[in-house]
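Asker: Here it is, the structure in full.
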Amino acid sequence: MHIKDNHFYSIILSIVLQKQVYPYLNSNLIHSAEEMFSFLNNKFNLVVQPHVAELYGFEPETAAKKILEVAKNENISILSMWQEEYPVLLKEIYRPPIILYYKGKLNVEHCVSIVGTRKIDTVSKFVTSKLANDISLAGYTIVSGLAKGIDRCAHKQALLHNRATIAVLANGINVFYPKENIDIYKEIESSKNS
């Protein structure tokens, strides 16, 4: 299967009502996003989640095409859980994300994820800064969620030393939150290392 096809069907699975998808996600009989889509499409009338439909419409295939177009135009990368590069441990959590949208260059062999509280205090900021600094200087890519607090601090440390960082866009490609982190988003986008 072509990566673009995989992304197309993975996006559909990520935007339809999740109660239709997750009970079947870990089936050993289904080996691709396209197979999962075909199975579910025959079983259910797949419906796009309302908050996604507001932006892209209620028809899953049309919405997925529009999302792919936005991702391409915004230089946002996509990783689906059916790709080899998808983090193995992330697949093990309850309801793993079907799709990861991210900014930055993916280097799965040398990544460390740093996430934490959004209400950062002085001690947390110091510890996160030290940890992110040491990890990035050791050659690892910092991965975080571009949220307030710990996430912001981790990204900033990597960028401060011109090191690689990846921002996972947890809210999808058209929902930028929190708005005050737009500076980090743009720095990652323009960084040669990220």
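Asker: What is the calculated FRET efficiency for residue 192 to residue 66, with r their C-beta to C-beta distance and R₀ = 35 Å, to the nearest 0.05? Please report the intermediate quantities before stating the final value.
Answerer: Working: r = 30 Å, r/R0 = 0.87.
Efficiency, from the Cβ-Cβ distance: 0.70.
Asker: Sticking with this structure for a sec: Suppose every K and R has +1 on its Cβ and every D and E has -1 on its Cβ; what is the size of the dipole of the stretch 120-193 about the Cα centre, in Debye to the nearest 20?
Answerer: 60 debye
Asker: With a 1.4 Å probe and every protein chain left in place, tell me how much accessible area residue 125 has, in Å² to the nearest 10.
Answerer: 110 Å²
Asker: Just subtract the alpha-carbon distance of residue 92 and residue 113 from 0.36 nm times their residue separation and send over the number in nm, one decimal.
Answerer: Gain on extension, residue 92 to residue 113, equals 6.0 nm.
Asker: To continue, here is another question. Once you list every other residue whose beta carbon is under 15 Å from the beta carbon of residue 31, what net charge do they have if Lys and Arg are +1 and Asp and Glu are -1?
Answerer: Counting the neighbours of residue 31, the net charge comes to -3.
Asker: Let me ask you something else. Compute, for the stretch 55-179, the length of the dipole vector about the Cα centre, with Cβ point charges of +1 (Lys, Arg) and -1 (Asp, Glu) only. Units Debye, rounded to 20.
Answerer: Once rounded to the nearest 20, the dipole reads 560 debye.
Asker: Place +1 on the Cβ of every Lys and Arg and -1 on the Cβ of every Asp and Glu in the stretch 1-119, take the dipole about the Cα centre, and give the residue among 31, 94, 77 whose Cα lies farthest towards its positive end.
Answerer: The residue sitting farthest along the positive end of the dipole is 94.
Asker: Turning to a different aspect of this structure: Express as a percent, rounded to the nearest 5, the fraction of DSSP beta bridges in the chain (both residues included) that run antiparallel.
Answerer: 55 percent
Asker: Just to confirm a number: summing +1 for Lys and Arg and -1 for Asp and Glu over residues other than residue 148 whose beta-carbon lies under 15 angstrom from that of residue 148, what do you get?
Answerer: With Lys, Arg at +1 and Asp, Glu at -1, the neighbours total +2.
Asker: Right, another one. Calculate, axis by axis, the spread of Cα positions in the stretch 7-134 along the three principal axes, and write the results as whole Å, longest axis first.
Answerer: 52, 33, 26
Asker: Using unit Cβ charges (K, R positive; D, E negative) and no other charged atoms, how large, in debye to the nearest 20, is the dipole of the stretch 47-122 about its Cα centre?
Answerer: Value, rounded to 20: 200 debye.
Asker: With each run of n ≥ 4 DSSP H residues scored as -39500 (n - 2.57), what mean residue ellipticity at 222 nm is computed for the chain after dividing by its residue count and rounding to the nearest 500 deg cm²/dmol?
Answerer: So the helix-based figure for the chain works out to -13500 deg cm²/dmol.
Asker: Then there is this: Relative to the present Cα-Cα distance, how much length would full extension add between residue 25 and residue 171 at 0.36 nm per residue of separation?
Answerer: 50.5 nm
Asker: When a/c reaches 1.5 or more, the comparison of a/b and b/c decides; with that in mind, is the stretch 31-78 rounded, prolate or oblate per its Cα gyration tensor?
Answerer: In terms of gyration-tensor shape, oblate.
Asker: Take residue 148, project a point 7 Å from its Cα along the Cβ direction, then tell me which residues of the stretch 93-120 have their backbone nitrogen under 11 Å from it.
Answerer: Taking a point 7 Å out along Cα→Cβ of residue 148, the residues of the stretch 93-120 whose backbone N falls under 11 Å are 118-120.
Asker: Using a Förster distance of 22 Å, how high is the FRET efficiency between residue 73 and residue 47, based on the Cβ-Cβ distance and rounded to 0.05?
Answerer: 0.25
Asker: Rounded, prolate or oblate for the stretch 86-194? Axes are the square roots of the Cα gyration tensor eigenvalues, ordered a ≥ b ≥ c, and the cut-off for rounded is a/c under 1.5. Don't skip to the end; give the middle numbers.
Answerer: Working: a/c = 1.25, a/b = 1.19, b/c = 1.06.
Judged from the Cα gyration tensor, the stretch 86-194 comes out rounded (a/c under 1.5).
The values are calculated or read from the model by the stated rules, or taken from the named source; none is laboratory data. These figures come from a predicted structure and were not determined experimentally. Cβ sites come from the backbone with ideal geometry, for glycine too, and all protein chains shown count toward neighbours. The accessibility values were calculated without ligands, DNA or RNA, using every heavy atom of the protein model including side chains. Shrake-Rupley method; radii C 1.70, N 1.55, O 1.52, S 1.80 Å.
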